[in-house]
């Protein structure tokens with residue numbers, strides 16, 4: 001399962017009640033900050049999640065409302081010595097802007113307070129470790145190098161305790177070895193293989209995150225059967241022309257994507273100040289019933305659907 005907390009949920013500019021875009025996805029001991037709008041460091045403090053282990057930042061694209069908070073965050077990291085190294089994953093255009101911001105403005109020739117790695121995002125698998133895979137896929141928005149992210153637990157074979165009992169396998173480390181794929185020898189000399197006590201492979205939890213997005217027809221496959229889908233809903237259908245002009249989605253479009261891709265739950269963010277939450281919810285809910293219009297500091301647990 002994945003833990004998800006929204007730090008900022010406003011579109012383009014902050015409002016009284018919403019900060020600029022930023023989310024944290026957690027899996028076991030790993031944490032990923034997705035986007036870093038202006039004021040993100042304060043939102044982290046207010047949320048209570050702290051700065052430690054927040055050393056991987058994924059940038060959906062290079063627009064300023066998604067990257068300006070990196071300057072303040074780097075300054076805070078330097079002052080509090082919260083981390084030893086920082087990875088910033090971004091497309092080529094976003095990387096150029098981030099380098100200008102951090103090395104040209106914040107540091108201005110000074111030595112970075114920690115090791116900073118700028119890691120390029122390309123379509124496909126970004127990393128795979130500790131039972132989790134992180135992948136990126138292209139998204140259509142204004143400008144090049146816009147990406148969405150897929151977080152998914154690797155498939156696993158569940159341990160069958162009833163079958164283990166039938167075979168007389170004692171509780172304890174022996175069963176743990178079988179779960180890890182190792183054959184074991186019992187006290188009576190019998191050899192038991194993992195195949196005898198493991199069920200068929202089961203897929204893990206799948207969480208998809210999409211930042212700013214101007215069309216959905218080309219991301220249906222990437223979102224297919226996600227247990228949770230985070231995506232923008234900047235406009236309502238009454239202003240479709242504006243959405244198309246600025247490369248954004250309406251709540252209806254996001255809901256239609258969720259319906260077509262057969263996702264478990266839809267989380268709408270990047271909300272414009274021009275709309276009430278109720279309006280956004282009602283437009284999406286009329287198409288797709290499992291929807292939440294998120295607010296700053298909302299937290300969710302994303303689990304695999306049975």
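Values in this text are rule-based calculations from the coordinates and carry no lab data. A quick note: this is a predicted structure, and the numbers were derived from the prediction, not measured. Virtual Cβ from ideal backbone geometry, glycine too; neighbours counted across all protein chains shown.
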Helical mean residue ellipticity (222 nm; -39500 (n - 2.57) per DSSP H run of 4+; nearest 500) of the chain: -6500 deg cm²/dmol
FRET efficiency for residue 119 and residue 156, using Cβ-Cβ distance with R0 set to 25 Å, rounded to 0.05: 0.35
Distance between the range 212-261 and the range 6-43 - C-alpha centres, whole angstrom: 20
Fluctuation leader among 158, 144, 173 - the chain, Gaussian network, Cα springs under 10 angstrom: 173
Extension reserve of the residue 28-residue 306 stretch, reckoned as 0.36 nm per residue once the Cα distance is removed: 98.0 nm
For 123, 234, 292, order by how many other beta-carbon atoms lie within 10 Å, fewest first: 123, 292, 234
Zone of residue 218's modelled label, taken as backbone nitrogen in the range 226-265 under 14 Å from a point 7 Å along Cα→Cβ: 247-248
Distribution of pairwise C-alpha distances over the range 153-199, 10 Å bins, in %: 28, 60, 11, 1
Estimated inter-spin distance, residue 193 and residue 279, nm [label 7 Å along Cα→Cβ]: 6.4
Cα pair distances of the range 1-97 binned at 5 Å [whole percent]: 3, 14, 26, 27, 20, 9, 2
Inverse mean reciprocal Cα-Cα distance (Kirkwood Rh) of the range 210-306, Å: 13.2
Backbone N within the range 128-165 under 17 Å of label point (7 Å from residue 180 Cα along the Cβ vector): 130-131, 157, 159
Candidates 66, 17, 265, ranked by Gaussian network fluctuation over the chain, Cα under 10 Å, top entry: 17
